[in-house]
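The values are calculated or read from the model by the stated rules, or taken from the named source; none is laboratory data. What you are looking at is a predicted structure, and each value in this text was computed from that prediction instead of being measured. Heads up, the Cβs are rebuilt from the backbone with ideal geometry, glycines too, and the neighbour counts pull from every protein chain shown.
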Amino acid sequence: MNQTEPLPKTTKKRIAVFVIAYDAVNTLAQTIERIPASVLAEVEEIFVIDDCSSDNTFYAALGYKHARHLDKLKVFRNPVNLRYGGNQKRGYQYAIEQGFDIVVMLHADGQYAPEVLDCLLEPLLKEEADMVFGSRMAAGGDPLAGGMPLYKFVGNKILTWIENRILGMNLSEFHSGYRLYNCHALARLPFHLNSNEWHFDTEILIQYKEANFRIAERPIPTYYGDEICHVNGLAYAWNCIKSVLRYRWHKAGWIHVPAFDVAQGVAGPYRLKPDSASSHGVILAEVERLKPRRVLEIGTATGYLSEAFSQRGIAVVGVELDPDMAALARPHCERLIVGDIEALDVATLGHSFDAIVFGDVLEHLKDPWKTLERLTACLAPGGHVIVSLPNVAHWLLRLRLLFGRFDYEPRGPMDQTHLRFFTRKTAISLLRQAGLRLGTTRSTPIPLPTIAGFFAAGQPFAWVHTINTWFTHLRPSLLAYQFVLVGQKPTTPTVVPPTTGELRLSISPEVSVKQQV
């Protein structure tokens, strides 16, 4: 999906009504009959998909079609039961393939009132929304008066509150099955990757949110008759919560959920993490402490750190491999070099930097040891290197490995572009092998505020993030999400610990003598 391309606009909308049916032999015909004549006149096709019912729903639909001479009604039957979500997938794919502009999902049991279709269609016809959600809980609705059991009302409210808080949304409910979709928006979403079960409805709402598509809510009347409910309420609630948590974990980079890979148009996968306990927050704190006048930033990305440095009066020289991201970072740098740091001649960078910053960079390089050692020549004597690295020994990654999983992901410690992996010990060794004196070593926790806003400072669950940060400092090797290390270039000769049988004696900032041992 490309967010820069608007959805196509048409003057005359092709509308289809998708009647999703399972064991609805007694209610199907009445449900179709309740569609207002004004709406029926505008609908190009009504298609029923019977999900391999155990009764005669399929034949009842065929009989109704012939008895009413309703040519625009088409009837299909799944050879096997695809479940609620699976049946929706088939229906939406059919609507997309037939070239419809709008598809209405109508339940064959009649629980959702066809009588209000004209009101629900209005935002889509006016192109004011990409999805319309018929809500029983929206202002103007009265679900208890419509026969909704009290336990379902309370459960709906609680579950919706949880989902809104985790997702950062503000819907009156998540659990109505009355949905109308812009088919062009649907075609841009990987809805076929969603669950086949009832929480398909929650997952497609998450996809619409992630794609920045417009969701409009409209109140609908509630009707509870003698229809059979096929939903296991507790299992459904648990699956909904799992789905929203998986989305948050996906956004945080802990796991990769392809169904939620729908957001495009963001320049680069990483942005500034302003939380003081994050790697970016710690880097900025170290810069404040060290007060460098000139900084060499390796891997500027879009310039989020470069901008923060320049706002502090620091002169920044940047190096960035991606030309598009470099263009965004350039306004924040006095000089920006586009190229591969492993191939650049470091002599062209100069030798008077007070600090070099590698913010989430070294793990992407083929030879971070050699690169770090080469770039120390750009430091003024006594200058500092600030490095942030992900912790491959985090307990979540250890747990995955215990179960035989080493999955690469779009971001986070297992970013699919990472070539090297570090623990706390190997990160410290990296700096020492470059001839640097180790200064501070900070550990950053799992970035809970980026997963859900209610963990951020001033929010109800900020204390969870505080405790998480405290425990991370106690057991950094196990609990740290990232490490931020500071190394200093010596101003006096120093002997670097031997590696691979070599003793290296540094006798000046630019000259070294190797003596075989």
Residue match in the range 369-387 (condition: within 31 Å of the chain's Cα centre (by Cα), crowded, with 20+ Cβ neighbours inside 10 Å, in the same structural domain as Ile283 (by TED's automatic domain parsing) and over 19 Å from Gly435 (Cα atoms)): no
Count - residues of the range 234-276 that are at pLDDT 85 or above and more than 16 Å from the chain's Cα centre (by Cα): 7
Residue check, Asp275 out of contact with any Leu (no Cβ under 6 Å at 6 or more places or on another chain) and more than 30 Å from Thr466 (Cα to Cα): no
3 or more residues within 17 Å of Lys242 (Cα to Cα) and either without any contact (Cβ under 8 Å) to a residue 12 or more places away in the chain or not hydrophobic (A, V, I, L, M, F, W, C) (or both): qualifying helices (runs of 4 or more DSSP H) within the range 112-212: 150-167, 200-210
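Mind checking which residues of the range 53-85 are part of a loop (DSSP other than H, G, I, E, B), of a type in the set (A, V, I, L, M, F, W, C) and crowded, with 16+ Cβ neighbours inside 10 Å?
As a first pass, look at the range 53-85 and keep what is part of a loop (DSSP other than H, G, I, E, B): 53-56, 69-72, 78-82.
Then drop every residue that is not of a type in the set (A, V, I, L, M, F, W, C), which leaves 70, 80, 82.
Residue satisfying the conditions is Leu82 alone.
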Flag if Glu342 is loosely packed, with under 15 Cβ neighbours inside 10 Å, at pLDDT 90 or above and in a helix (DSSP H, G or I): no
Condition check for Leu150: modelled with pLDDT of 95 or more and of a type in the set (A, V, I, L, M): no
Scan of the range 86-100 for residues that are surrounded by fewer than 21 Cβ atoms within 10 Å (Cβ to Cβ) and touching a helix residue (DSSP H, G or I) at 6+ places or on another chain (Cβ under 6 Å), ordered by number: Lys89, Ile96
The range 1-22, residues that are at pLDDT 95 or above and of a type in the set (D, E, K, R): Arg14
Close pairs (6 angstrom Cβ cut-off, 6 or more residues apart or separate chains): over 16 Å from Leu180 (Cβ atoms) in the range 80-101, in a helix (DSSP H, G or I) anywhere: Gly85/Phe200; Lys89/His192
